[in-house]
Amino acid sequence: MKKLLSYFLVAMLFPALVLTSCKDDNDDPTPAETGNFTTLSTYMVNQNLDLPTLLDGWVIDPTLTTAIPVGIVDSAAGYSIPDWVVFDIRSAADFALGHIKGSVNVALANVVTEAQAINNNDAKILVVCYTGQTAGRAVMALRLSGFPNAKVSKFGFSGWSANSAFDKWSSKISDQAVGNANWVNTASPALPVNALPTWTTTSTDGATILADKVNEMLAISEWSVTDTSVLAAPADFSIYNYWTTEEYTSLGHFAGAYQYKPISLAGDIVSALKAENNLVYCFTGQTSSFIVAWLNVLGYNVKSIGYGVNGLSYQALHDASKPNWHFPYHSYGYEVSK
């Protein structure tokens, strides 16, 4: 009888052990995890923080106030930008070598707290980095944090001075994609439909979740990849081209890349991204850095392709009058402060 009872207990416990071990290995998201994206995205839409809105006027060319149309740089005031708060997010060492008069050296991770210290959400904040790409992440953080007038300085400090010592752009332009079998002019494959990202949070409040996710985004150190590595093996990634259909086919693109414009929370368009290894690219890497920051906040595993197609098929962009870098054409020769 005791032996029979032992067999019975084993028989009862075995299914429970199996179920427990399966649960430990189960990667399926919990209902709470799947709902976090909905909470955040709903809040962002209600606060008018969908990507198309945030992309409106996010970058500015630092031309002179005497130009037509009127710019922002005042040559009579030592080439300062008097109506703007200027955050320079380059390293302290490079800031010391030269910077815009009146600008403040701010670490990327601290841009939101530094802006909050101004105590004016309507302040016009200009963010300057080396090339205009990292600044995209800073400005996205600021716009998502209640500073709608934050903008990126186009081409960063590379575009400020005619001194080649500040030029981080010219060495990056290339036509390496021309003639490469992985650079094609085919039509775009249909956008996939994938599961929305899942992540955990201790909050159920949209505003708090957004603030936490912005800080997480600012802490990401590896948010871009090199164009050369992608050109060598585009099939290793899910690549999204942020161009119009005409630009996508006429200028060429990575083999297998999706034409992906617009990107929006409306109609679940963001579900086109896959779980891992997503890349977004544009003409110069400036727009894609801005977009990728927004997608990172939503929980997507996605990076920007540095310098965009300027590093892949530069001459084609130049000939088509698309955004492209020229030194010293884009470098105004403005004075720098030390």
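Taking amide H atoms as placed 1.01 Å from N in the peptide plane, list the residues 5 or more away in sequence, or in a different chain, whose amide H sits under 5 Å from that of L126.
For L126, whose amide H was placed from the backbone, the distant partners under 5 Å are V85, V86, F87, K151.
Over the chain, what is the relative contact order in percent, taking alpha-carbon pairs closer than 8 angstrom and at least six residues apart?
Contact order relative to length: 21 percent.
List, in order, the whole-Hz ³J(HN,Hα) value for each residue of the range 52-58 obtained from phi through the Karplus relation with A = 6.51, B = -1.76, C = 1.60 and θ = phi - 60°; use x for Gly and Pro.
In residue order, the calculated couplings are x, 5, 5, 6, 6, x, 7 Hz.
Taking the beta-carbon count within 10 Å as an exposure proxy, list W199, W169 from fewest neighbours to most.
Result, fewest neighbours first: W199, W169.
Could you tell me, in Å, what Rg and Dmax come out for the Cα atoms of the range 129-183?
Rg then Dmax for the range 129-183, in Å: 15.3, 46.
Just how far, in whole angstrom, is the range 317-338 from the range 185-217 if you go by their alpha carbon centroids?
Going from one Cα centre to the other spans 34 Å.
Give me the one-decimal nm value for the distance between modelled label points at N182 and S221, 7 Å along each residue's Cα-to-Cβ direction.
Each label point lies 7 Å from its Cα, and together they span 2.6 nm.
Please work out how much length the chain gains when fully extended from A93 to A162, using 0.36 nm per residue of separation minus the C-alpha to C-alpha distance, in nm with one decimal.
Fully extending the segment from A93 to A162 adds 22.9 nm.
Is the shape of the range 81-189 best called rounded, prolate or oblate, per the rule: a/c under 1.5 gives rounded, else a/b larger than b/c gives prolate, else oblate, with a ≥ b ≥ c the square roots of the Cα gyration tensor eigenvalues?
oblate
Do the sum for the chain: with -39,500 (n - 2.57) for every DSSP H run of n ≥ 4, divided by all residues, what is the mean residue ellipticity at 222 nm, to the nearest 500 deg cm²/dmol?
-10000 deg cm²/dmol
Checking understanding here: applying a Kyte-Doolittle mean of at least -1.0 and a length along the axis of at least 27 Å (C-alpha), which whole DSSP H helices in the chain pass?
Long hydrophobic helices here: 2-25.
Stretched out fully, how many nm does the piece from A233 to L64 gain, at 0.36 nm a residue minus the Cα gap?
Full-extension gain reported as 56.5 nm.
Calculate how many DSSP beta bridges within the range 38-165 are antiparallel, expressed in % of all such bridges and rounded to the nearest 5.
Around 10 percent antiparallel, to the nearest 5.
Out of the DSSP beta bridges found with both residues in the chain, what percent are antiparallel (nearest 5)?
Here the antiparallel bridges make up roughly 15 percent for the chain.
Per-residue counts of other Cβ atoms within 10 Å, averaged by peptide: what ranking do you get for 110-118, 144-152, highest first?
144-152, 110-118
Give me H330, H318, H253, H99 sorted ascending by neighbouring Cβ count inside 10 Å, so fewest comes first.
H318, H330, H99, H253
Within 10 Å, count the other beta carbons around each residue, average over each peptide in 266-279, 127-140, and list them highest first.
The packing order, highest mean first, is 127-140, 266-279.
Every read-out reported here was derived from the displayed coordinates using simple, explicitly stated rules and does not represent laboratory data. Because the structure is predicted, anything quoted here is derived from the model rather than measured. As a convention, Cβ positions derive from the backbone with ideal geometry for all residues, glycine included, and neighbour counts pool all protein chains shown.
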